[in-house]
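Before any comments, here is the structure.
The values are calculated or read from the model by the stated rules, or taken from the named source; none is laboratory data. Please read these numbers as outputs of a predicted model, since none were measured by experiment. Neighbour counts run over all protein chains shown; Cβ positions are idealised from the backbone, glycine included.
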Amino acid sequence: MKRTPLKRSTKPLKRTPIRRRSKRTESLYARKNGRREFVAVFLADNPRCQIQWEHCTEGSQDVHEWWTRGTGGAIVPGDKADRQGQRFYAVCRRCHTQLDEEPRRAKLEGYLKGITTQ
């Protein structure tokens, strides 16, 4: 059986960047009283880390949610956050990393809810 040669295009492929967030989540960040505005105000009101585990840098850089986003936790204050009893903590980057890496400890000390530990 005779085959025809493969034709290759000389035009470069059109690349579309991958979104960091979905359109819906991005709208939560960008709107008035959204996540970006909340984080800016919250960190300005709480300049020091509220966790202060070992190796803490003491200056808050992130906002940590008590109910995790993966379990449907609210990322901004409002009705949903009030119904859940959501808490927000101003944390330094090192403490935030430790919270993510040590979920059992975080849950025992009351900084994390919405996950199961074994």
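Given region 35-118, what helices (runs of 4 or more DSSP H) lie entirely inside it while holding 2 or more residues that are in contact with a Lys or Arg (Cβ under 9 Å, 6 or more places away or on another chain) and over 28 Å from residue 23 (Cβ atoms)?
93-101
Just checking, how many residues over region 24-34 are of a type outside the set (Lys, Arg) and not in a helix (DSSP H, G or I)?
Residues that pass the stated criteria total 2.
Given (1) touching a helix residue (DSSP H, G or I) at 6+ places or on another chain (Cβ under 9 Å); (2) under 27 Å from residue 104 (Cβ atoms); (3) of a type in the set (Ser, Thr, Tyr), identify the lone condition not met by residue 25.
Here residue 25 meets the rest and fails (2).
Which residue pairs have Cβ atoms closer than 6 Å, lie 6 or more positions apart in sequence or on different chains, and pair a first residue in region 20-45 that is under 14 Å from residue 88 (Cβ atoms) with a second residue that is assigned to a loop (DSSP other than H, G, I, E, B) and not hydroxyl-bearing (Ser, Thr, Tyr)?
From region 20-45, the pairs are 35/75; 35/76; 38/76.
Taking residue 58 as meeting all but one of (1) modelled with pLDDT under 90; (2) at negative phi; (3) not small (Gly, Ala, Ser), write down the number of the exception.
Result: residue 58 fails condition (2) only.
Run down 25, 4, 68 and say which single residue is surrounded by 11 or more Cβ atoms within 10 Å (Cβ to Cβ), farther than 15 Å from residue 113 by Cβ and among the hydroxyl-bearing types (Ser, Thr, Tyr).
Going through 25, 4, 68 in turn, just one is surrounded by 11 or more Cβ atoms within 10 Å (Cβ to Cβ), farther than 15 Å from residue 113 by Cβ and among the hydroxyl-bearing types (Ser, Thr, Tyr): 25.
Within region 8-16, identify whether any single residue is out of contact with any Phe, Trp or Tyr (no Cβ under 8 Å at 6 or more places or on another chain) and surrounded by 12 or more Cβ atoms within 10 Å (Cβ to Cβ), and answer yes or no.
No, every residue in region 8-16 fails to be out of contact with any Phe, Trp or Tyr (no Cβ under 8 Å at 6 or more places or on another chain) and surrounded by 12 or more Cβ atoms within 10 Å (Cβ to Cβ).
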